[in-house]
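Okay, structure first, notes after.
The values are calculated or read from the model by the stated rules, or taken from the named source; none is laboratory data. Here the structure is a predicted model, which is why all the values come from computation and not from measurement. Here the Cβ positions follow ideal geometry from the backbone for every residue, glycine too, while neighbour counts run over all protein chains shown. Only protein heavy atoms, including side chains, enter the accessible area calculation; ligands, DNA and RNA are left aside. Shrake-Rupley method; radii C 1.70, N 1.55, O 1.52, S 1.80 Å.
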Amino acid sequence: MVQAEEVSRSFGSLKALDRVSLEVRPGEVFDLLGPNGAGKTTLVRILTGVLKPDGGRAWVAGLEVGREPHRVKARIGYATQEQSIYRDLTVEENLLFRARLYRPKEARPLVREVLERFGLLPYAHTLAGHLSGGWRQRLALAQAVVHRPEVLFLDEPTTGLDPLSRRSVWELIHQEAERGAAVLVTTHYMDEAERCHRLALLFGGRVLATGTPQELKALAKARARFLYAPGLSLREARGMPGVLEAWPSGAGVRLIARREAPLGGLEEVEPSLEDVFTLLTKEVL
Ligand SMILES: Nc1ncnc2c1ncn2[C@@H]1O[C@H](COP(=O)(O)OP(=O)(O)OP(=O)(O)O)[C@@H](O)[C@H]1O
């Protein structure tokens, strides 16, 4: 499991993380959701022992990160945006390299199992650098899990993938949680957050809210109204009283308005996580 307690980190005058607390439980897929620059990678780098925080403490797999970085590394899997795979080694060699680091005695059977489960067997002898982007991403995930870590950190594991590949990568991520791993994923695709058990909305280095997708939507519904106005122009919508945000949608306009806004006759719609995020960022701006 993962626990961050009031973790802060600045780069010069920029506060990349401001007292971030969160917990990821075994068997859970937890999403750190936020736009570019929110601080997601910085937090993952701190939790994996790559970067030191300025304040706060963090525990991963029962160990305090920072005190026992080497022991932590043996118990986690980490797939980064830069993809820590060697392009001039084959797929199998990449996996063997990782498995031998942490489970030398069982390396071969572990690699065999992961090659099969990830559909990588036909590419076992292909150079990693010759794989398409989607298969390279899959290999990055496979090498993060080959030693069966208790905790898994995946930094934007589906960036650049087509919808079908994204689906299959999510299926593999959930398999790891079912095995009992605590999985921390970072994304900036709002729709992908729906696939996680719980999520934290990160913005400007701060956690705006944490919960299941349903809990966050309920929180937003208690604070605002989510509406659809067919046939209305964006200009008209933005001029209406109590409207916090409006944007074009099909032949009409989607609106987020204050609860008390006098907007009768408009269709109430279920908020998406993107709506929740839009509302919460409005509230901090
Ligand atoms: N080594 C560094 N030196 C200076 N500034 C940094 C450094 N690393 C990150 N930052 C800054 O900290 C902030 C948070 O960056 P971070 O990479 O954690 O965001 P992110 O949420 O992962 O964004 P993205 O989705 O673009 O990867 C950004 O403003 C970034 O420019």
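Numerical summary
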| item | result |
| --- | --- |
| Test for ALA177: is it more than 16 Å from the ligand (Cβ to nearest atom) and either assigned to a strand (DSSP E or B) or among the charged types (D, E, K, R) (or both) | no |
| Residues within region 264-285 that are among the hydrophobic types (A, V, I, L, M, F, W, C) and free of Cβ contacts under 8 Å to residues at least 40 places away in the same chain, tallied | 2 |
| Filter result for GLY66 (within 16 Å of the ligand (Cβ to nearest atom), open to solvent by 30 Å² or more (accessible area, probe 1.4 Å) and either modelled with pLDDT under 95 or not in a strand (DSSP E or B) (or both)) | no |
| Residue identified as within 16 Å of the ligand (Cβ to nearest atom) and either surrounded by fewer than 18 Cβ atoms within 10 Å (Cβ to Cβ) or within 30 Å of THR278 (Cβ to Cβ) (or both) among ALA74, ALA58 | ALA58 |
| Test result for THR41, of a type in the set (Ser, Thr, Tyr), within 16 Å of the ligand (Cβ to nearest atom), open to solvent by 10 Å² or more (accessible area, probe 1.4 Å) and touching a residue at least 12 places away in the same chain (Cβ under 8 Å) | yes |
| Pair list, Cβ < 9 Å and 6+ apart or interchain, from region 53-78 residues that are over 11 Å from PHE153 (Cβ atoms) and in contact (Cβ under 8 Å) with a residue 24 or more places away in the chain to residues that are open to solvent by 30 Å² or more (accessible area, probe 1.4 Å) and among the polar types (S, T, N, Q) | ASP54/SER10; GLY56/SER21; ARG57/GLN3; ALA58/GLN3; TRP59/GLN3 |
| Complete set of residues in region 127-164 that are outside any helix (DSSP H, G or I), away from the ligand (no atom under 16 Å from the Cβ) and open to solvent by 40 Å² or more (accessible area, probe 1.4 Å) | LEU127, SER132, ARG148, GLU150, ASP162 |
| Residue match in region 206-214 (condition: of a type in the set (Gly, Ala, Ser) and within 27 Å of VAL111 (Cα to Cα)) | no |
| In region 44-55, residue nearest to PRO149 (Cα to Cα) [restricted to those that are within 15 Å of the ligand (Cβ to nearest atom) and in a loop (DSSP other than H, G, I, E, B)] | THR48 |
| LEU219 being in contact with a helix residue (DSSP H, G or I) (Cβ under 9 Å, 6 or more places away or on another chain) and within 30 Å of ARG136 (Cα to Cα) | no |
